[in-house]
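One structure below.
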Amino acid sequence: MSATFETLVAVSVPRPPVLGRVRSGLADVATLTKRELLIWLRNPSYIFFTFIQPVMFVLLFRYVFGGAIPVKVPGGYVSFLMPGIVAQTAAFASFGTAIALARQIQKGVIDRFRAMPMARSAVLLGRLAADTVRLVVTVLIIVGVGYAVGFRFQNGVVPAVLMVLLAVGFGVVICTVSGFVGLTIKDEESVSSFGLVWLFPLTFVSSAFVPVLSMPGWLQAFAKNQPVTTVIDEMRSLALGGPLGLHAWQSALWLAGIIAVFVPLAVRAYRRAS
Amino acid sequence: MTATAGAPTWSGPAILVEGVHKAFGEVQALRGVDLAVERGHVLGLLGPNGAGKTTAVKILTTLIEPDRGRALVEGRDVVRSAAAVREIIGLAGQSTAIQEELTGRENLEIMGRLYHLDAKTRRRRSAELLERFELADAADRPTKGYSGGMQRRLDLALSLVSRPAVLFLDEPTSGLDPRSRIGMWEVIQELVSAGTTLLLTTQYLEEADELADEIVVVDRGRVIAAGTAQELKNRVGGDVIEFAVVDPHHLAQAAEAVSALSEHQPTVDAEAGRVALRVGASGSTSLVETVRRLDSLGIRTEGLAVRRPSLDDVFLALTGHGAEAGNGAGVASRRGRNVGHRV
């Protein structure tokens, strides 16, 4: 067979100009963002993780555990709690990212996208854009619930907005880690049962629900120095007033570091996930 | 798509694969595969699980790169001109592009957007495909509730949104019940009569027979035979008569009695007490004769039937071993056998 055709030279098709490629790439990202958001709105379990569970956490900690946890912040425990719970919710929202990516790989959706004339980055960028929208909505809802149970921003409008933005940014960064986990495990069931266990120690062994100083000494060493605590302390300073500088730097470094490690890992896992 | 308008013309076959090798670690998935499919023709890639069919499709659809050799789709190299290949191909089969939370129409609509069709064209194309694949009634229901057959039809429709010049279907009917499978065949046949070049992979000889102009049989990463369905069947020896004897002591006598009906020797499975005999095209007359001979000897049988050759028979004839000897293809070939018609 090969003898008949080996003289045939492959045709070369010129690639469209860069500007056109960027424009169509952006259109693809927009389409995929819309697609992911539509999926999210139609999926009861995603809705549960986004709305019901965080609201339950707010009520649980505010009214059940809260009375037993002494804190020294203006406004009492609910003021202490809300920045922590907002960050925890933002982190757990990345569940949807991991599960959706694992499922799309498992079913072959990603393969099909990769066989289409579409920028390969569009799938991950669309995912990230949809996750950002999702996080903004989630964070605003939790803050709203917080207001209903007595939480108040005490430091002015601009810091309050900055706190919301930091929470969303933190959530997006955690999404890149979860995205990597989902793309690596590639199995929806496994992802939903153990893919995100690492989020529990990170969010609970932090300053989210209790002052770090109330933990045993050996645990404090971890709790004080891990990124979730750093971010939450900064959010708390923004919401309630307090020193901003140190935690801001630490948060920025942590988030940049996680991005620098996990974005390339996620992209590599996506490339290999065929 | 816009890029195809000014594309250079290609006079060779629509799909051309030359000396392609692909290994995954220690596993040699493809070991020097050659293929050529003329424009508008249908090639059936037939083989058991692990033969390398899906690997071949993944290479041709730019999902993975070959280690050696070249693969061209409408003259475009799948490695060097991968983006240009993606402009003109469609893929469906084992993978699915369906998102189950979305309705059939939404799935089609989004696919149209990703191919940058304008709103009017998208609407028209979606409606046309839903109609053609008998999904119009279910168009606005979430696809989660679709039957297996409906999902496959929708998935095929999704791969056709862009009117691809070359279509790849990777085991388009695996896992479907017989009725849905035949429905899928009708849909594919219609498509083919419209002139689409098609490469389909299958584990079922009957399916390749039904749909393909030419069949290429692959085993452990190599092409072991190529030809029309009829040519392959002739090599296999056509229909097979099969039965089990009730009294195991009669096995040898039964095999002896039917051996004169064919130029081939009967295959005897002593453990199961079964006899199989290749009888060429004369299935029904040989069946009558088998019944008469066994009856006159007073041998009682069970499950006496004439069936079309299965993938197992093709493999037995071509390689001397059954399809089961391939990489863990036992389940696949047993399923394959069930496709054969019982008379």
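We did not get these values from a lab; they are worked out from the coordinates using the rules stated. Fair warning: this is a prediction, and the values are worked out from it, not measured in the lab. Neighbour counts are summed over all protein chains in view; Cβ atoms, including those assigned to glycine, are modelled from backbone coordinates with ideal geometry.
Okay, here's what the table says:
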item: Per principal axis, descending, Cα span of the protein assembly as shown in whole Å; result: 102, 64, 49
item: Partner chain coverage, peptide B:67-79 - average Cβ within 10 angstrom; result: 2
item: Ranking of B:Glu101, B:Glu271, B:Glu207, B:Glu186 by count of other Cβ atoms within 10 Å, fewest first; result: B:Glu271, B:Glu186, B:Glu101, B:Glu207
item: Listed residues B:Val20, B:Val245, B:Val42, most fluctuating in chain B (Gaussian network, C-alpha, under 10 Å); result: B:Val245
item: Radius 12 Å from Cβ of A:Ala87, net charge of other residues (Lys, Arg +1; Asp, Glu -1); result: -1
item: Local electrostatic count at B:Gly40 - Lys and Arg +1, Asp and Glu -1, tallied over other residues with Cβ under 15 Å; result: -3
item: Cβ-derived FRET efficiency at R0 30 Å, B:Glu131 paired with B:Arg39, nearest 0.05; result: 0.65
item: Computed [θ] at 222 nm, helices only, for chain A once each DSSP H run of length n ≥ 4 contributes -39500 (n - 2.57); result: -22500 deg cm²/dmol
item: Top of B:Ala92, B:Ala29, B:Ala276 by mean-square fluctuation, Gaussian network on chain B, Cα under 10 Å; result: B:Ala276
item: Candidates B:Asp313, B:Asp247, B:Asp34: whichever shows maximal mean-square fluctuation once chain B is modelled as a Gaussian network with Cα springs under 10 Å; result: B:Asp247
item: Once exposed loop trypsin sites (Lys or Arg not before Pro) are cut out (DSSP; at most 16 other Cβ, 10 Å), longest piece of chain B; result: B:81-299
item: Total lysine pairs under 26 Å (Cα atoms) in the protein assembly as shown, excluding pairs fewer than 8 apart on one chain; result: 17
item: Where Rh is the Kirkwood radius over Cα pairs, Rg/Rh for chain B; result: 1.04
item: Residue among B:Leu108, B:Ala82, B:Ala14 farthest towards the positive dipole end of segment B:10-126, charges placed on Cβ; result: B:Leu108
item: Expected 222 nm ellipticity per residue - DSSP helices of 4 or more, -39500 (n - 2.57), all of chain B, to 500; result: -11000 deg cm²/dmol
item: Cα-based Rg and Dmax for chain A, where Dmax is the largest Cα-Cα distance (Å); result: 21.9, 84
item: Whole-Hz couplings from phi, Karplus 6.51/-1.76/1.60, listed for segment B:246-261; x for Gly and Pro; result: 6, 9, x, 5, 7, 4, 4, 5, 5, 4, 4, 5, 8, 4, 6, 7
item: Net charge contributed by nearby residues that have their C-beta within less than 13 Å of A:Pro74 (K/R +1, D/E -1); result: +3
item: 10 Å Cβ neighbours from other chains, averaged over peptide B:85-92; result: 3
item: Taking all pairs of distinct alpha-carbon atoms in segment B:126-224, Kirkwood radius in angstrom; result: 14.5 Å
